[in-house]
Amino acid sequence: MTTATETSTVYSLDDVSKHNTKDDLWMTIHNKVYNITEFVVEHPGGEEVLLDEAGKDATEAFEDIGHSDEAREILEKYLIGTLDEASQNSTYKFNVIRAGELPEEKKQSGSFLRVILPALAVVGVIAYKFILAPQRQ
């Protein structure tokens with residue numbers, strides 16, 4: 001758990017960008033600053049994905065991959081502060097997906113397959129009944 005001192009420390013994105021190596025890795029997620037240096041080798045997705053986001057705002061990458069609630073709890077252990085107002089971003093482009101969830105598919109009003117498959121089934125039954133069945137007798 002973080003202390004009040006850790007979360008009250010304010011960093012700029014420039015400060016964060018200086019910590020971009022495997023041995024000194026910071027990133028921001030939702031305008032919070034995390035020092036995940038100790039977690040790099042333990043990351044289930046491998047260290048490369050973290051190194052790609054090292055020293056940057058990793059919010060979109062973090063949300064796009066669909067981290068679990070457990071992963072979000074683990075992340076909080078590494079919280080060291082927040083971004084200053086000038087560095088904060090409020091316009092992200094991602095869909096929040098939790099691990100184990102599937103994204104919702106957009107519903108289509110009139111799918112071609114919904115019409116053609118039943119029609120083919122009806123044609124098949126009619127063909128069998130009137131063409132193939134009489135030939136077997």
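The values are calculated or read from the model by the stated rules, or taken from the named source; none is laboratory data. Worth saying up front: this structure is predicted, and the values here are computed from it rather than measured. A quick note on method: Cβ atoms are made from the backbone with ideal geometry, for glycine too, and the neighbour counts reach across all protein chains shown.
Which ones in region 47-69 are of a type in the set (Asp, Glu) and under 23 Å from Asp24 (Cα atoms)?
Those that are of a type in the set (Asp, Glu) and under 23 Å from Asp24 (Cα atoms): Glu47, Glu48, Asp52, Glu53, Asp57, Glu60, Glu63.
State which residue is modelled with the highest pLDDT when the search covers only region 60-95 and only residues that are hydroxyl-bearing (Ser, Thr, Tyr) and touching an Asp or Glu at 6+ places or on another chain (Cβ under 8 Å).
Within region 60-95, the first condition is being hydroxyl-bearing (Ser, Thr, Tyr), and the residues that meet it are 68, 78, 82, 87, 90-92.
Narrowing the set further to residues that are touching an Asp or Glu at 6+ places or on another chain (Cβ under 8 Å) leaves 78, 87, 92.
Numbers: Tyr78: 96, Ser87: 83, Tyr92: 59.
Per the stated criteria, the residue is Tyr78.
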Leading residue by the ranking (nearest to the chain's Cα centre (by Cα)) among those in region 19-29 that are closer than 16 Å to Val41 by Cβ and part of a loop (DSSP other than H, G, I, E, B): Lys22
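From the list Val41, Val16, Val49, exactly one residue is crowded, with 19+ Cβ neighbours inside 10 Å and either part of a loop (DSSP other than H, G, I, E, B) or β-branched (Val, Ile, Thr) (or both). Which is it?
On the way: Val41 fails: crowded, with 19+ Cβ neighbours inside 10 Å; Val49 fails: crowded, with 19+ Cβ neighbours inside 10 Å.
That would be Val16, the only listed residue that is crowded, with 19+ Cβ neighbours inside 10 Å and either part of a loop (DSSP other than H, G, I, E, B) or β-branched (Val, Ile, Thr) (or both).
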